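A.B. asks: Quick one: structure below, then a few questions.
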Amino acid sequence: MNAKTPPIASIEQRLAAIHTVLDEHTMEPEKFVDTFHDLASEQWVPANGARLVARAWTDPLFKQRLLDNGTAAIQEMGLSMPPHHRHFVVLENTADIHNVICCTLCSCTAFTIIGLPPDWYKDLEYRARVVRESRTVLKEMGLELAEHVQIRVWDTTADTRYMVLPERPAGTEELSAEQLAALVNKDALIGVARL
Ligand code: FE
């Protein structure tokens, strides 16, 4: 055997080749990274979902619209989702029902509304176990639910994204919408915490 090792271009040469192709397609990788970073850290944040929750807590008619057709209702608040997120479904927690979301296939969330998925959400263990032993998984994550509380697990699909509408905490009657929104976090919007 006298097979010659094929020549391998250096990293610099390969990078230059990729840049050349991107340039030919008028794509600007640096700009894309900056834009994506801005979107992910400034615009796709759980504060968006928190605003929806605070309004739903204080405006019963908006809450009904949000539950009836989330995709339409979020537009009233100046929010939007990518076109492939065709249905935005809001799941209301009550004293007897607790909702929790997951994506058993991968890591999908309504990221423009509740933010990008946390690492644990993408973890195979969470994805596999939350559907089989949700009560145990929630307990391990610090949320111990009373026996009478029914748990509903919602698995994200290709064109449906979910958000949990947490229960309004007691003693918050005097708070403004802004103060109410500040109580809501990503864990509560996913359903691994209650407020
Ligand atoms: Fe997914």
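A.B. asks: Could you work out Rg/(2.2 N^0.38 Å) for the stretch 45-190, with Rg from alpha carbons only?
C.D. replies: Details: Rg = 14.7 Å, N = 146, 2.2 N^0.38 = 14.6 Å.
So the stretch 45-190 has a normalised radius of gyration of 1.01.
A.B. asks: For a footprinting-style exposure proxy, rank Val192, Val89 by other Cβ within 10 Å, fewest first.
C.D. replies: Numbers: Val192 24, Val89 17.
Ranking Val192, Val89 by Cβ neighbours within 10 Å, fewest first, gives Val89, Val192.
A.B. asks: With 10 angstrom as the radius, rank Thr156, Thr109, Thr136 by how many other C-beta atoms surround their C-beta, starting from the fewest. Mind dumping the intermediate values first?
C.D. replies: Working: Thr156 21, Thr109 26, Thr136 11.
The most exposed by this proxy come first: Thr136, Thr156, Thr109.
A.B. asks: What ranking do Trp154, Trp120 get, fewest neighbouring Cβ atoms within 10 angstrom at the top? Mind dumping the intermediate values first?
C.D. replies: On the way: Trp154 19, Trp120 13.
Ascending Cβ contact count within 10 Å gives the list Trp120, Trp154.
A.B. asks: Using 0.36 nm per residue, how much length does the chain from Glu76 to Ser107 gain when fully extended, once their Cα-Cα distance is taken away? Please list the in-between numbers first.
C.D. replies: Values: separation 31, 0.36 × 31 = 11.16 nm, distance 2.72 nm.
Between Glu76 and Ser107, full extension yields an extra 8.4 nm.
A.B. asks: How far is it, in nm, from the label point at Glu42 to the one at Arg14 when both lie 7 Å from their Cα along the line to the Cβ?
C.D. replies: 3.3 nm
A.B. asks: Evaluate E = 1/(1 + (r/R0)^6) for Val21 and Ile97, where r is the Cβ-Cβ distance and R0 equals 35 Å; express this FRET efficiency to the nearest 0.05.
C.D. replies: Values: r = 52 Å, r/R0 = 1.49.
My answer for the efficiency is 0.10.
A.B. asks: Restricting attention to the chain, give the cysteines that have no other cysteine Cβ less than 4.7 angstrom from their Cβ.
C.D. replies: Result for the chain is Cys102, Cys106, no neighbouring Cys Cβ within the cutoff.
Just so you know, all these numbers are worked out from the coordinates, no wet-lab data involved. Bear in mind the structure is a predicted one, so any value in this text is a computation, not a measurement. Cβ sites come from the backbone with ideal geometry, for glycine too, and all protein chains shown count toward neighbours.
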